[in-house]
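All remarks here apply to the structure that follows.
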Amino acid sequence: MQRAAGPWRRQRGRAAPCGAAAGPCAAGRNSAVSAGGTWGEKGKWGEGGEREKKGGKGKKREGEKKGKRGKKKREKMKKREHGEETEKNAKKKRKWEKKGRKKKKKKKERIKGEKKEEKGKKEGNGGKKEKGKKPFPYRVSLAAAPRCQLQPCGSVPVSPRCRGQVQPRSSPPGLPMVVLAAGARPLGVLQGSVRPSVHPSVSALSPPLMRCPPAVPAAWASYMTNSPTLIVMIGLPARGKTYVSKKLTRYLNWIGVPTRVFNLGVYRREAVKSYKSYDFFRHDNKEAMEIRKRCALVALQDVKAYLLEECGQIAVFDATNTTRERRDLILNFAKENAFKVFFVESVCDDPEVIAANILEVKVSSPDYPERNRENVMDDFLKRIECYKVTYQPLDPDEYDKDLSFIKVINVGQRFLVNRVQDYIQSKIVYYLMNIHVQPRTIYLCRHGESEYNLVGKIGGDSGLSPRGKQFAQALKKFIEEQEIVDLKVWTSQLKRTIQTAESLGVTYEQWKILNEIDAGVCEEMTYAEIEAKYPDEFALRDQEKYLYRYPGGESYQDLVQRLEPVIMELERQGNVLVICHQAVMRCLLAYFLDKSADELPYLRCPLHTILKLTPVAYGCKVETINLNVEAVNTHRDKPSLNSNNVPASQSPARMRRSSLTPRASADTEQRPRHHSVGSKPPDPLGPFPFLEARGGSGRPRLPASVQRMADLAM
């Protein structure tokens, strides 16, 4: 029987189909076959490479050479046939018989255990009957994935057989029901594994082999990507909590995340009209402790109203929150309302920083009207000692290891970050790791007057006019008079800012992200030309200047997103002079002055004027410096909207069709960004819309929003 010709071959004493794995001895056998040998049915070699089956032992042929080893074996076989076993062979026989008995015993025990296990499977409880518990009513197919098929229980499987299936259940009391679309997966389920499926042959579900212990999520907020977030400040008084709260809120509002601060001190002052002394904050003052707790509950109710009813996204709870009891109260409140919680703890043990904070901020606090500095310092230090008695910092190793938080140590010298949950929390961490409280000054100014400024054109890359060059020399003189230490100069990559910086005679850096807003098809045009050529676009921009995007260009909202790295670097740096453009300067100024999106596009940033920004405790001090060099006025005031300058065909949804992130409008139906009312969005796989628009009357009619963009491009 030839190996190459037969449909079957031997594998460790068993027949295996051709093409199957040949076992560990395959390599050796293949090498032997290549030498000219062939296999018999018992897998042993004969003379000349051939074997034959005889008595199951594979005796050698007559022509085979017989060695000493073969001779001894034949003698042993002869003695056994005539009953002449030696004592040694008898011992071996007894030994093997004993091993055989042990194997039989183990086999019986295994069979008995399998029967017991099978019985336990039928009872649904591993063979053990427990009082008050019914067998689990479902059974799952043994698929490859270790997770759920029907309704995920969220638990880690306790064995390879477990698939995490439980009966579909409703959401916990007081929490919203999470509805998953077809094919959707909850967070943390089926990640990195094959998606299981019920086998087509399984028509009914039988009792399970094993199941996960039922587990209810700690909070539904952990399943939701866009859940409202509650930022909770922690720390002793005079540690910069209010400074961080206000600064963080200003940043989040600037990038478009609705945020509000809820300062517990304001609620306390409303409840207690007059503050007398530090005795109010003693931990053994029961009446005062009750008042402070009620104030915290009222503030949390306002947080709930803001996040659920006023469409807020983030609320900052600015209070000491130094005890675990208070923090547990906040966590339970957030769990009941499906809010995510992120703690920010400010730790500072530098007495100089604490004293400077008290003198800069607390002296002017409403708690201390008409008091001298010495008395304020003494009373406030005693207030801090009252809080230290009950202060329990966050414990990242044991008690608070499952919480999401960041510890800011000694005003940014060190940071400790624990279990960041989502994108917005990571942005908060990144921002807090970039800010500092060192004294510094930021100078903002536009480039000198350009040639396009003289004729009223927007955009482009023109050089400076004669008056623009005069301003550059005046700026150089001003910088030299200020004697600013370690001043850094930043410009855009456009000619007019570079020419302005070159006159200073200092090193400067070019940033592409500081370039002027891109006007798209309206570049190098005057406002009069835009109104004449694109009247609808001109009117739409006046309607919503912050959200409006030039066709093929940018909006102010796009510009804010582009300038976010500049804000991060400005927060990290010391003294900086930024030579930029009107729209860019408006966005930067809106961040430092905490201006809204409606106010941002109309901030006044005249030519040949320097704005000196000095960060202070809870804001930024602004000083305007005019260098007395004449220039044209490029500012356009906010127009008053009326029926004459608003196209009748434009609805609010249509007006926002160019927005990067459309805001809520009167049109409650949600549509794609380029989907206007009464029309369908363009087919992304179809012909290029601009080419169709130029094709003539025989072409199919484009959607209205795409048709207008095509007209602009022609």
Assess whether PHE343 counts as being assigned to a helix (DSSP H, G or I) and surrounded by 13 or more Cβ atoms within 10 Å (Cβ to Cβ). no
Does region 529-540 contain any residue that is of a type in the set (Gly, Ala, Ser), farther than 19 Å from ASP637 by Cα and modelled with pLDDT of 95 or more? yes
Complete set of residues in region 310-330 that are part of a loop (DSSP other than H, G, I, E, B) and in contact with a strand residue (DSSP E or B) (Cβ under 8 Å, 6 or more places away or on another chain): GLY312, GLN313, ALA319, THR320, ASN321, THR322
When you scan region 610-619, do you find a residue that is modelled with pLDDT of 95 or more, of a type in the set (D, E, K, R), within 23 Å of LEU475 (Cα to Cα) and assigned to a strand (DSSP E or B), even just one? yes
Against the definition (among the polar types (S, T, N, Q) and modelled with pLDDT of 95 or more), how does THR249 come out, yes or no? yes
With the requirement that a residue be without any contact (Cβ under 8 Å) to a residue 60 or more places away in the chain, in a helix (DSSP H, G or I) and β-branched (Val, Ile, Thr), what does region 263-309 give you? VAL266, ILE291, VAL298
So which residues in region 331-340 are surrounded by fewer than 17 Cβ atoms within 10 Å (Cβ to Cβ) and either of a type in the set (D, E, K, R) or in a strand (DSSP E or B) (or both)? GLU336
Can you confirm whether region 348-363 contains a residue that is part of a helix (DSSP H, G or I), under 21 Å from ALA299 (Cα atoms) and either in the same structural domain as LYS273 (by the TED database) or within 37 Å of the chain's Cα centre (by Cα) (or both)? no
Would you point out the residue of region 468-489, among those that are touching a helix residue (DSSP H, G or I) at 6+ places or on another chain (Cβ under 8 Å) and under 14 Å from ILE610 (Cβ atoms), that is surrounded by the most Cβ atoms within 10 Å (Cβ to Cβ)? PHE471
Please go through region 421-461 and pick out each residue that is without any contact (Cβ under 8 Å) to a residue 60 or more places away in the chain and either β-branched (Val, Ile, Thr) or in contact with a Ser or Thr (Cβ under 6 Å, 6 or more places away or on another chain) (or both). VAL429, SER450, GLU451
Tell me, yes or no, whether region 389-405 has at least one residue that is among the basic types (Lys, Arg) and either part of a helix (DSSP H, G or I) or crowded, with 16+ Cβ neighbours inside 10 Å (or both). no
Going through region 502-554 in order, the residues found to be among the hydrophobic types (A, V, I, L, M, F, W, C), free of Cβ contacts under 8 Å to residues at least 60 places away in the same chain and within 16 Å of HIS581 (Cα to Cα) are TRP511, ILE513
Going by the conditions given, is TYR430 within 30 Å of ILE314 (Cα to Cα) and either among the basic types (Lys, Arg) or within 35 Å of the chain's Cα centre (by Cα) (or both)? yes
What's the total number of residues in region 367-388 that are of a type outside the set (Lys, Arg), under 16 Å from LYS276 (Cβ atoms) and in a helix (DSSP H, G or I)? 6
Would you mind finding the one in GLY459, GLY468 that is of a type outside the set (A, V, I, L, M) and part of a loop (DSSP other than H, G, I, E, B)? GLY459
Please list, ordered by first then second residue, the pairs with beta carbon atoms under 7 Å, 6 or more apart or interchain, first in region 390-401 and of a type in the set (A, V, I, L, M), second surrounded by 15 or more Cβ atoms within 10 Å (Cβ to Cβ) and not in a loop (DSSP other than H, G, I, E, B). LEU394/ILE234; LEU394/PHE343; LEU394/GLU345; LEU394/PHE405; LEU394/LYS407
Single residue of GLN392, GLN438 found to be closer than 30 Å to THR609 by Cα and polar (S, T, N, Q): GLN438
Among the residues of region 428-449 satisfying the criterion of being in contact with a Leu (Cβ under 6 Å, 6 or more places away or on another chain) and not aliphatic (A, V, I, L, M), which is nearest to MET568 (Cα to Cα)? TYR443
Can you say whether ARG562 is surrounded by fewer than 17 Cβ atoms within 10 Å (Cβ to Cβ) and either touching a residue at least 40 places away in the same chain (Cβ under 8 Å) or out of contact with any Gly (no Cβ under 6 Å at 6 or more places or on another chain) (or both), as far as the supplied structure shows? no
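The values are calculated or read from the model by the stated rules, or taken from the named source; none is laboratory data. Keep in mind that what you see is a predicted model, and the values were worked out from it rather than measured. Reconstructed Cβ throughout: ideal geometry from the backbone, glycine too, with neighbour counts over all protein chains shown.
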